[in-house]
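The values are calculated or read from the model by the stated rules, or taken from the named source; none is laboratory data. Everything quoted here is computed from the prediction, not taken from an experiment. A quick note on method: Cβ atoms are made from the backbone with ideal geometry, for glycine too, and the neighbour counts reach across all protein chains shown.
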Amino acid sequence: MLRFSSVSKHFGKVKAVDNLSFSVNKGEIFALLGPNGAGKTTSVRMIMQIMHPDKGNIEFESSVMTSDNKVNRALLGYLPEERGLYQDVSIFKTLLYLASLRNFDKSEATKKAQMWLERFEIYDRRNEKISSLSKGNQQKVQFIASILHEPKFAILDEPFSGFDPINQELISDCIRELRDNGMTILLSAHQMQLVERIADRILMLHQGKELLSGTMQEIRNQTVADHKIVVEYSNGFDAQTLQDSANIKSFNHNEDKSVDIYMNELENLNGVLADISSAGPVSSLKTSEVNLHEIFIQSFTKEEANL
């Protein structure tokens with residue numbers, strides 16, 4: 001659906017995007033992650049042709065191109081990070097107007113707007129001005145506006161912003177449903193737990209360059225470890241014993257006094273358990289997969305240390 005080929009964008013001496021290449025496959029949820037200033041929003045704005053790359057190419061699949069080889073904006077959806085709704089216009093009029101800009105049939109837009117507003121439990125406020133809504137409800141309206149015209153490719157920049165956990169779950173379900181119905185979705189977000197659950201593939205950016213990419217399992221394979229063991233010691237532990245273990249890749253001492261032990265192969269579990277026991281008396285132990293939040297923090301901490 002989309003291909004970045006050696007794309008660069010500079011603002012003065014700042015390299016916002018630096019020789020970046022990646023592709024978004026048709027019918028997937030593709031997540032862009034990275035700390036502030038990593039190049040996510042600049043990449044999104046270049047995709048939307050709000051700005052253009054200094055070098056490289058951005059190519060769309062032919063299904064979203066016009067006969068004269070331009071992007072058909074009616075087939076794109078865009079949820080910007082900043083809210084841009086008309087505050088003094090009613091919710092319903094806003095949605096129908098924005099759908100009309102995408103040449104979406106008015107009667108179909110009316111039905112779809114009603115359906116989405118009911119789903120988000122704000123249909124009874126459809127004739128109120130946007131300004132009367134909370135930030136969360138304004139975000140709901142902006143989300144609806146970005147997908148109401150049923151685009152083939154939707155770019156969602158911080159779609160969970162302003163939502164409580166219940167509404168974050170609601171938006172997550174909607175995004176997966178849209179994907180399952182054939183929409184290709186590129187999203188940029190900071191909510192790691194949600195991204196891990198809904199993204200088919202992930203690209204982590206650092207200073208405009210690719211740091212890690214792939215499915216969640218592929219990213220685990222590239223980073224600190226596939227699995228971890230969370231250990232609690234009843235009377236402290238000998239850090240040097242863990243440090244010297246050939247079976248342990250790394251470990252982290254948490255504020256709650258538990259210790260995260262990282263390893264690549266569960267087949268080495270017996271050796272790891274022996275070394276864990278040698279480090280001190282164990283009061284509890286459990287295993288789990290390394291999550292995206294841990295990968296994000298450790299990968300960027302390591303990258304910054306290497307600069």
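For the range 1-54, a residue qualifies if it is over 25 Å from ASN181 (Cβ atoms) and acidic (Asp, Glu), and the qualifying residues are ASP18, ASP54. Each residue in the range 72-99 was checked for being in contact with a helix residue (DSSP H, G or I) (Cβ under 7 Å, 6 or more places away or on another chain) and part of a helix (DSSP H, G or I), and 8 pass.
Among the criteria (1) modelled with pLDDT of 85 or more; (2) touching an Asp or Glu at 6+ places or on another chain (Cβ under 6 Å), the one LYS228 does not fulfil is (1). Checking each residue in the range 154-168 for being assigned to a strand (DSSP E or B) and in contact with a helix residue (DSSP H, G or I) (Cβ under 6 Å, 6 or more places away or on another chain) picks out ALA154, ILE155, ASP157. Residue pairs whose Cβ atoms lie under 7 Å apart, sitting 6 or more positions apart in sequence or on different chains, and linking a residue in the range 82-95 that is farther than 15 Å from ARG126 by Cβ to a partner that is part of a strand (DSSP E or B), are GLN87/LYS129; ASP88/LYS129. In the range 61-90, how many are surrounded by 14 or more Cβ atoms within 10 Å (Cβ to Cβ), under 27 Å from the mean Cα position of the chain (by Cα) and not charged (D, E, K, R)? Of the residues in that region, 12 qualify.
Each row is one residue, and each column tells you yes or no for (1) in a helix (DSSP H, G or I); (2) closer than 16 Å to HIS149 by Cα.
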| site | (1), (2) |
| --- | --- |
| MET51 | no, no |
| ARG102 | no, yes |
| SER107 | yes, yes |
| LEU117 | yes, yes |
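Listed by first and then second residue, the pairs with beta-carbon distance under 9 Å, at least 6 apart or on different chains, first residue in the range 282-295 and over 30 Å from PRO35 (Cα atoms), second exposed (fewer than 13 other Cβ atoms within 10 Å of the Cβ) and aliphatic (A, V, I, L, M), form an empty list. Scanning the range 19-38 for residues that are modelled with pLDDT of 90 or more and either surrounded by fewer than 19 Cβ atoms within 10 Å (Cβ to Cβ) or among the small types (Gly, Ala, Ser) (or both) yields ASN19, SER21, PHE22, SER23, ASN25, LYS26, GLY27, GLU28, ALA31.
Within the range 186-227, the set of residues being exposed (fewer than 15 other Cβ atoms within 10 Å of the Cβ) and hydroxyl-bearing (Ser, Thr, Tyr) comprises just one member, THR215.
Only one entry in ILE171, ILE144, ILE175 is in contact (Cβ under 8 Å) with a residue 60 or more places away in the chain, within 26 Å of LYS106 (Cα to Cα) and not in a loop (DSSP other than H, G, I, E, B), namely ILE175.
Report whether or not LYS55 is in the same structural domain as ALA189 (by TED's automatic domain parsing) and within 18 Å of ALA199 (Cα to Cα).
no
Scanning the range 228-264 for residues that are surrounded by fewer than 18 Cβ atoms within 10 Å (Cβ to Cβ), touching a residue at least 40 places away in the same chain (Cβ under 8 Å) and within 13 Å of GLU289 (Cβ to Cβ) yields one hit, VAL230. Look at the range 66-79: where a residue is assigned by TED's automatic domain parsing to the domain that holds MET46 and a partner is of a type in the set (Ser, Thr, Tyr) and not in a strand (DSSP E or B), sitting 6+ places away or on another chain with Cβ atoms under 8 Å, you get ASN72/THR66; LEU75/SER63; GLY77/SER146; TYR78/SER146; LEU79/SER146.
Using the structure shown, decide if ILE144 is under 19 Å from MET183 (Cβ atoms) and either buried (at least 17 other Cβ atoms within 10 Å of the Cβ) or modelled with pLDDT of 95 or more (or both). Considered against the rule, which asks whether it is under 19 Å from MET183 (Cβ atoms) and either buried (at least 17 other Cβ atoms within 10 Å of the Cβ) or modelled with pLDDT of 95 or more (or both), ILE144 comes out as yes. The selection criterion, being modelled with pLDDT under 90 and in the same structural domain as ALA74 (by TED's automatic domain parsing), holds for MET192.
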